[in-house]
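Student: Have a look at this one.
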Amino acid sequence: GKYDFNPMYDQMRDTISSYEIAFVNQETTFGGNDGPYYQGYPTYNTPDQVADALVDAGFDVVNYNSNHSYDTGAKSIERSQKVWAKKDKISLIGSYTSEDDRKNIRVVERNGIKIAFLSYCYGQNGQAQSELPNDYYAVPFDKDKMHDEITRAKEIADAVVVYMHWGEEYEHTPSEQQKEYARFLAGQGVDLTIGSHAHVIQEV
C-alpha cells in the first residue's frame, strides 16, 4: 500500500535541481484510493507519492491544469489541491481553490527577479465548460480573462510565463488554434509560452 516514484527521476534529478526554476506539467489526479481508486488511461488517478517524487526531484512550479483535471471528478481536484498545499516549496498553477485564489497570481522570485506563472487548458475531454462547476479548478482558454490576468501579472512581476495545454495529440505541426493563441499571447507581451499535450515534439 505504499509507493515510491523517486527512482523514476534518478537519472535526471541532478539536472532538474540544478536550475533556478524547474517547471513540470502534472496531469494526474490525487483522488485517494477510497472512491475513484488508482487507475490509468483514459482517466487517471495516482498515489500521492507522485507529488513527493516531483518535490524530491527539484521541481519548483507545478501545472495542474490539463484535459485530465476532471478525470475523477471535482472532489478529486479538491483533494489534489490539498495534497499540493502541503508542499510549501511548490507553486501550483492552473488549479485554484476559489475565484479569489485564482486572482492571487503565483510569482516565483530568484536573484531579485520576479517571474509570474499562468496556465490555461483547451478543454476537459468532451465536457463543456458549462457542465463544470467553475473556471478555476481547471482554467480554460478565455481571451478576455487571459488578457486581464496577463496585464495584472505584468504589473507585479518582471517577466510572465504562460503554460498552454493545447494542440492535437501526436501531431508534430501546431494546430490553427495553437497558432492563434501563440499570436495572441505574443501580442499581450508574454515573455515565455510553454506548451504541451501533443506528446510529441513540435516546432517553436
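The values are calculated or read from the model by the stated rules, or taken from the named source; none is laboratory data. Everything quoted here is computed from the prediction, not taken from an experiment. A quick note on method: Cβ atoms are made from the backbone with ideal geometry, for glycine too, and the neighbour counts reach across all protein chains shown. Just the protein is used for accessible areas: all its heavy atoms, side chains included, with ligands, DNA and RNA removed. Shrake-Rupley method; radii C 1.70, N 1.55, O 1.52, S 1.80 Å.
Student: List the pairs whose first member sits in region 32-49 and is touching a residue at least 24 places away in the same chain (Cβ under 8 Å), whose second member is surrounded by fewer than 17 Cβ atoms within 10 Å (Cβ to Cβ), and whose Cβ atoms are under 7 Å apart, counting only residues at least 6 apart or on separate chains?
Tutor: If the second residue must be surrounded by fewer than 17 Cβ atoms within 10 Å (Cβ to Cβ), the pairs left are Asn45/Tyr37; Asn45/Tyr38; Asn45/Gln39; Pro47/Tyr3; Pro47/Tyr38; Gln49/Tyr3; Gln49/Asp4; Gln49/Phe5.
Student: May I pose another question? Looking at this structure, is Gly31 over 30 Å from Arg152 (Cβ atoms), out of contact with any helix residue (DSSP H, G or I) (no Cβ under 8 Å at 6 or more places or on another chain) and small (Gly, Ala, Ser)?
Tutor: no
Student: Say we look at region 70-80 and pick out the residues that are open to solvent by 20 Å² or more (accessible area, probe 1.4 Å) and among the small types (Gly, Ala, Ser); which of these is farthest from Ala159 (Cα to Cα)?
Tutor: Of everything passing the filter in region 70-80, Gly73 is farthest from Ala159 (Cα to Cα).
Student: Then there is this: Among the strands (runs of 3 or more DSSP E) contained in region 81-186, which hold 2 or more residues that are surrounded by 18 or more Cβ atoms within 10 Å (Cβ to Cβ) and touching a helix residue (DSSP H, G or I) at 6+ places or on another chain (Cβ under 6 Å)?
Tutor: Here the list reads 113-121, 159-165.
Student: Next question. Looking at the structure I just gave you, is Gly195 in contact (Cβ under 8 Å) with a residue 12 or more places away in the chain, in contact with a strand residue (DSSP E or B) (Cβ under 6 Å, 6 or more places away or on another chain) and small (Gly, Ala, Ser)?
Tutor: Yes, satisfied.
Student: OK, next. From the list Val62, Val55, Val50, exactly one residue is at pLDDT 95 or above, closer than 17 Å to Phe5 by Cβ and assigned to a strand (DSSP E or B). Which is it?
Tutor: Val62
Student: Being among the polar types (S, T, N, Q) and closer than 19 Å to Val107 by Cα is true for just one of Asn45, Asn33, Asn6, Asn63. Which residue is that?
Tutor: The match here is Asn63.
Student: Which numbered condition trips up Gly35, out of (1) modelled with pLDDT of 95 or more; (2) small (Gly, Ala, Ser); (3) surrounded by fewer than 17 Cβ atoms within 10 Å (Cβ to Cβ)?
Tutor: Unmet condition: (1).
Student: Hey, can you tell me all the residues within region 96-141 that are within 18 Å of the chain's Cα centre (by Cα), of a type in the set (Asp, Glu) and under 29 Å from Tyr19 (Cα atoms)?
Tutor: Passing the criteria: only Asp101.
Student: From the set of residues in region 1-32 that are of a type in the set (Gly, Ala, Ser) and under 30 Å from Gln127 (Cβ atoms), which is surrounded by the fewest Cβ atoms within 10 Å (Cβ to Cβ)?
Tutor: Among them, the one singled out is Gly32.
Student: A further question on this structure: Out of region 17-42, which residues are under 17 Å from the mean Cα position of the chain (by Cα) and of a type outside the set (Gly, Ala, Ser)?
Tutor: Scanning region 17-42 gives Ile21, Phe23, Val24, Asn25, Gln26, Glu27, Thr28, Thr29, Phe30.
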